[in-house]
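The structure under discussion appears below in the form of structure tokens.
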Amino acid sequence: MERKLTAELWDKMHYMFRDFNDRMVHVELHYDFRIDADALKTVLICFLEKTPVLHSSFKDNHVNPYWKVEDYKIEDVLTVLEPDNLQKVIDDFLTQYIPPESNVQIKAALFYEGNKSVLCIVENHMCMDGGDLKYFLNALCSNYNDYTTQHKSPLALRSGSRSYTEVYSDLSPMDKKAAQKLYKNVSSRDSHKFPFSPESKEDKSFILRRRINSERFARIRAAGKKSGATVNDILVAAYIHSIYELANYSDNEGITVSCAVDLRRYIKDISSKGLTNHTAFMQCGTPRKGRNIVETLSYVVRSSEKSKQDKFMGLYGLPLLKLGYSIMPYAASEEVIKIGYSNPLLGMSNIGAIDGDALALSNKKPTDAFLTGAVKYKPYALLTATSYNNELSLSMCVRGNEEDKKIVNTFFDYMEKNFNELAK
């Protein structure tokens with residue numbers, strides 16, 4: 001008998017995002033030893049069985065879409081290889097696309113090079129966001145260690161409701177009632193965009209990364225702290241200031257960046273919640289270009305503080321989306337939501353610090369760890385930031401060409417210049 005899972009609100013929204021990005025989230029972890037492939041297979045099988053959406057296909061029947069739980073083989077999920085050209089196979093693996101109609105929504109690869117290993121993972125954002133993917137990775141490593149050292153069954157993974165309504169579960173009755181009436185559409189209407197080249201049939205997915213070493217990152221954080229700025233504020237300010245310079249926008253124009261907000265901030269205990277999406281956006285911008293990066297940062301701090309003072313930050317629009325999906329067949333509701341929803345042209349996701357201790361396998365922490373968001377389709381752009389071993393990594397995933405690679409690298413050059421100006 002066919003087994004069905006509910007297509008939750010955010011599953012449907014990320015499916016709608018197929019016009020804007022490939023919806024894949026990417027992980028790359030490097031280790032100085034050879035990971036036990038058989039043990040990893042066992043852990044992955046147990047995790048997929050505990051999270052059936054990861055081995056389900058999305059059924060868009062135009063009326064009421066759902067997930068159909070599918071059979072799979074571990075070979076559908078995990079590739080084990082000792083390649084001749086390690087970097088090429090990593091790049092090829094990470095830029096792949098998993099169709100929602102596939103029988104699995106997550107793929108992993110274990111690449112060996114001598115006595116070293118690289119673990120890569122790609123998963124469909126429809127199933128879970130970066131916040132839960134970080135948890136998934138930590139749990140994967142913890143279960144691997146317990147299985148290889150104590151022969152414990154690798155089943156220690158959260159399961160439960162994947163519904164967006166969990167964000168209301170710990171609000172007071174009064175706040176819950178108010179939050180469920182936040183129909184205001186707060187999606188960005190800013191028309192400023194990243195100056196990519198025109199779309200071309202030759203465009204291919206690529207991921208570019210820029211590292212800021214630990215010494216420089218420490219100086220940047222210290223400089224921001226003097227201005228009352230968070231790391232997120234610094235990133236947004238450098239992003240906006242660099243866009244002015246890269247795209248030659250007028251100094252008198254205001255620019256807004258949509259910043260990802262983890263809605264788990266409203267859930268006191270997530271231990272009984274399933275892996276899912278709980279990410280929304282807040283708008284952060286400047287009224288004009290600052291005379292320098294310090295002034296631009298002051299504009300951003302004011303903007304973000306205003307957003308943070310709202311106790312319902314990130315919850316706006318959820319009731320509107322729920323209403324849209326409830327009052328008409330799915331195909332029609334998607335078209336209506338597309339009219340009202342404005343996908344941000346400039347977005348940023350600060351995934352934050354990656355915990356090396358939590359990702360240790362056989363008592364060996366990763367020598368490098370990297371996590372980044374979906375490949376965006378031009379003209380949409382997403383800057384992703386993570387830190388590991390006190391180093392900052394900036395990344396952009398784009399479906400583009402060699403000219404776009406040059407543009408993104410020039411953008412990173414501007415980001416570094418503005419970081420340096422701030423840290424003087």
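See the values below:
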item	result
Selection within the range 381-403 - of a type in the set (S, T, N, Q) and on the phi < 0 side of the Ramachandran plot	THR384, THR386, SER387, SER393, SER395, ASN401
Residue count, the range 37-46 (criterion: touching a residue at least 60 places away in the same chain (Cβ under 8 Å), out of contact with any strand residue (DSSP E or B) (no Cβ under 9 Å at 6 or more places or on another chain) and closer than 16 Å to ALA109 by Cα)	3
Enumeration of residues in the range 358-386 that are surrounded by fewer than 20 Cβ atoms within 10 Å (Cβ to Cβ) and within 23 Å of SER142 (Cβ to Cβ)	ALA358, ALA360, SER362, ASN363, LYS364, LYS365, THR367, ASP368
Those residues of the range 64-113 which are assigned to a strand (DSSP E or B) and aliphatic (A, V, I, L, M), in sequence order	VAL69, LEU78, VAL80, LEU81, ILE106, ALA108, ALA109, LEU110
Count - residues of the range 258-294 that are surrounded by 15 or more Cβ atoms within 10 Å (Cβ to Cβ) and either in contact with a Gly (Cβ under 8 Å, 6 or more places away or on another chain) or not in a loop (DSSP other than H, G, I, E, B) (or both)	22
Subset of the range 200-256 [surrounded by fewer than 17 Cβ atoms within 10 Å (Cβ to Cβ), acidic (Asp, Glu) and part of a loop (DSSP other than H, G, I, E, B)]	GLU202, ASP251, GLU253
Residue within the range 353-367 that is in a strand (DSSP E or B), among the small types (Gly, Ala, Ser) and closer than 17 Å to LEU94 by Cβ present	no
Residue check, GLN150 farther than 19 Å from ALA260 by Cα and without any contact (Cβ under 8 Å) to a residue 60 or more places away in the chain	yes
Those residues of the range 349-366 which are of a type in the set (Lys, Arg) and either under 13 Å from SER387 (Cβ atoms) or without any contact (Cβ under 8 Å) to a residue 40 or more places away in the chain (or both), in sequence order	LYS365
Candidate set from the range 377-401 (those that are out of contact with any Leu (no Cβ under 8 Å at 6 or more places or on another chain) and of a type in the set (Ser, Thr, Tyr)); member that is farthest from LEU345 (Cα to Cα)	TYR388
Conditions (1) within 30 Å of ILE267 (Cα to Cα); (2) surrounded by 21 or more Cβ atoms within 10 Å (Cβ to Cβ): number failed by ALA109	(1)
Within the range 170-190, tally of residues that are assigned to a loop (DSSP other than H, G, I, E, B), hydrophobic (A, V, I, L, M, F, W, C) and over 25 Å from the mean Cα position of the chain (by Cα)	1
Scope the range 46-58; condition surrounded by 17 or more Cβ atoms within 10 Å (Cβ to Cβ) and not in a helix (DSSP H, G or I); matching residues	THR51, SER56, PHE58
Residues satisfying the stated conditions in the range 1-29, i.e. more than 13 Å from MET126 (Cβ to Cβ) and either within 20 Å of the chain's Cα centre (by Cα) or of a type in the set (A, V, I, L, M, F, W, C) (or both)	MET1, ASP19, PHE20, HIS26, VAL27, GLU28, LEU29
In the range 1-45, the residues that are part of a loop (DSSP other than H, G, I, E, B), surrounded by fewer than 17 Cβ atoms within 10 Å (Cβ to Cβ) and not acidic (Asp, Glu)	MET1, ARG3, PHE33, ARG34
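To keep it simple, each residue is scored yes or no on (1) more than 14 Å from the chain's Cα centre (by Cα); (2) more than 19 Å from LYS193 (Cβ to Cβ); (3) among the aromatic types (Phe, Trp, Tyr).
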{"position": "TYR249", "(1), (2), (3)": "yes, no, yes"}
{"position": "SER258", "(1), (2), (3)": "no, no, no"}
{"position": "ARG264", "(1), (2), (3)": "yes, yes, no"}
{"position": "MET282", "(1), (2), (3)": "yes, yes, no"}
{"position": "ARG288", "(1), (2), (3)": "yes, no, no"}
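Residue by residue, here is whether (1) in a helix (DSSP H, G or I); (2) modelled with pLDDT of 95 or more; (3) in the same structural domain as VAL257 (by TED's automatic domain parsing) holds:
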| site | (1), (2), (3) |
| --- | --- |
| CYS120 | no, yes, no |
| SER142 | yes, yes, no |
| LEU157 | no, yes, no |
| PRO195 | no, yes, yes |
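Residues checked against (1) in a helix (DSSP H, G or I); (2) assigned by TED's automatic domain parsing to the domain that holds CYS259; (3) farther than 22 Å from GLY224 by Cβ:
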position	(1), (2), (3)
ALA385	no, yes, no
LEU394	no, yes, no
VAL398	no, yes, yes
GLU403	yes, yes, yes
LYS406	yes, yes, yes
ASN409	yes, yes, yes
TYR414	yes, yes, no
LYS417	yes, yes, no
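The values are calculated or read from the model by the stated rules, or taken from the named source; none is laboratory data. Quantities reported herein were computed from a predicted structural model and do not represent experimental measurements. When we count neighbours, we look across all protein chains shown, and the Cβ atoms used for this are built from the backbone with ideal geometry, even at glycine.
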